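Down below is the structure, laid out as structure tokens.
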Amino acid sequence: MKLKVCGMRSPDNIMALSQLAPDYMGFIFWEYSKRFVSAPTPHLPNTIKKTGVFVNASLDYIKDIATQHQLQTLQLHGSESPNFCQKLKTTELEIIKAFGVGSNFDFSVLKPYESVCDYFLFDTKGELPGGNGSSFEWSLLRDYPATKPFFLSGGIGPKDQDAISSIINLNLPVYAIDINSKFEIEPGQKNIELIKKFKATL
């Protein structure tokens, strides 16, 4: 199981986390986020996929940020259309399309995106596009109709190993676990020791 740690910002914290070798490290380029990145980010080993998180940003902005920060993966966390995702395919970067899941989530909305992104990400539907710090009812994923691998996100904490195992045991194509706020000392500053212990359980 792969691990993505999102919402990184402090250079020292980023480099400390890199020693744990997570598979993905996420940087938020949405200006309304408490974890918004407005400064240069350190170079990471190629084994850690540097991921930019965007919310309804323009193509030019995304491409510019991808170049500036040497991104390997783009995570689209807004209402980006399949056509928009298709245009980003020309960047040859990995594309993750995020969806907020509530009690009445309609899985049919995924179909047009299957050919234009590499992964889906399921987060908790809330007031913000992401980073709400709460989990959705993971049992809803029993109805997942596709084979596209996905990231499981949304308020995942250090004590959620059993719940994660129960999802994996459903033989769903869970590709990675995405963690953020429940492993923080403060917004953008991660508790490295807590992440180390959690990573060892995956």
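For the chain, excluding the exposed loop sites themselves (trypsin sites (Lys or Arg not before Pro), DSSP loop, at most 16 other Cβ atoms within 10 Å), the longest remaining stretch covers 35-158. In order along region 82-90, the phi-based Karplus estimate (6.51 cos²θ - 1.76 cosθ + 1.60, θ = phi - 60°) of 3J(HN,Hα) comes to x, 5, 5, 4, 4, 5, 6, 4, 5 Hz; Gly and Pro are listed as x. Beta-bridge orientation, the chain: approximately 5 percent antiparallel, per DSSP, counting only bridges with both partners inside.
Here the spin labels are modelled as points 7 Å beyond Cα on the Cα-Cβ line, and at T67 and N83 they lie 2.5 nm apart.
Loop-located GluC sites (Glu not before Pro) in region 65-108 (DSSP state not H, G, I, E or B) with no more than 14 neighbouring Cβ atoms inside 10 Å: E92.
Given K97/K125; K2/K111; K34/K148; K125/K182, which pairs have Cα atoms separated by over 19 Å? Table pairs above 19 Å Cα-Cα are K2/K111; K34/K148.
Laboratory data are not the source of any read-out in this text; all were calculated from the coordinates shown. This one's a predicted model, so the numbers in the text were calculated from it and none came from an experiment. So basically every Cβ, Gly included, is an ideal-geometry build from the backbone, and we count neighbours across all protein chains shown.
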